[in-house]
1. In percent, what relative contact order does the chain have, based on Cα pairs under 8 Å that are 6 or more apart in sequence?
2. Taking a label point 7 Å from the Cα of residue 38 along the Cα→Cβ vector, which residues of segment 61-80 have an amide N closer than 14 Å to it?
3. By per-residue mean of other Cβ atoms within 10 Å, what is the highest-first order of 101-114, 133-146?
4. Is any residue of segment 51-89 close enough, with backbone N under 20 Å, to a label point placed 7 angstrom from the Cα of residue 24 along the Cα-Cβ axis, and if so, which?
5. Rounded, prolate or oblate: which fits segment 3-166, taking a ≥ b ≥ c as square roots of the Cα gyration tensor eigenvalues, rounded meaning a/c under 1.5, else prolate when a/b beats b/c?
6. If you find the alpha carbon centre of segment 92-168 and of segment 50-84, how far apart are they in angstrom?
7. Select from 11, 26, 80 the residue whose mean-square fluctuation is largest in a Gaussian network model of the chain (Cα-Cα springs shorter than 10 Å).
8. Order these peptides, 160-167, 32-39, by their mean beta-carbon neighbour count within 10 angstrom, highest first.
Ligand code: S3P
């Protein structure tokens, strides 16, 4: 099977569903955010605060380039990976691209109690979520397959992605 990359906005279920796919297929879980934290020795919040977003995006791009060379992996990609065309071109070489979507209200519920997402540490996160999704929509649309996690659970989403990957 080809590698699987999960794209999508924050809180659409990328981590839970990637891990479930790994559990079911024996593929290896890779998180771009996890690798960034490891490489920089700082949390995502700290990187945004101390080094600022452009620095984060450059590290993310380097990590994506490395990850694109791996085999037999499921990549849990940070929500902003899609914004750089080179990231998408690199990932496409060996992987199927899957976008997870969810309703802004669900994303808000899933992300509000956890403080590790600097872009959502704002006065009105719900408004920000709506606006960002609208703006990023064309970027997320590049995927080969799409799943709406407001209508299916983790198990069903993972099964449907595996089924799709097996037909490719
Ligand atoms: C971001 C998403 C986050 C993380 C960073 C920026 C984004 O990853 O990379 O906070 O721009 O959408 P998750 O989508 O895994 O939360």
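Each reported figure results from applying straightforward, stated rules to the coordinates on display, with no laboratory input. Since this is a predicted model, take the numbers as computed values, not measurements. Every residue, glycine among them, receives a Cβ derived from its backbone with ideal geometry; neighbour counts consider all protein chains shown.
1. Relative contact order here is 36 percent.
2. Hits in segment 61-80 for residue 38 at 14 Å: 63-64, 66-68, 70-71, 73-76.
3. Ranked by mean Cβ neighbours within 10 Å, highest first: 101-114, 133-146.
4. Only 72-77 pass the distance filter.
5. Details: a/c = 1.58, a/b = 1.14, b/c = 1.38.
Judged from the Cα gyration tensor, segment 3-166 comes out oblate (a/c at least 1.5, b/c at or above a/b).
6. Taking the Cα centre of segment 50-84 as reference, the centre of segment 92-168 is 16 Å away.
7. 26
8. My ranking of the peptides, most packed first, is 32-39, 160-167.
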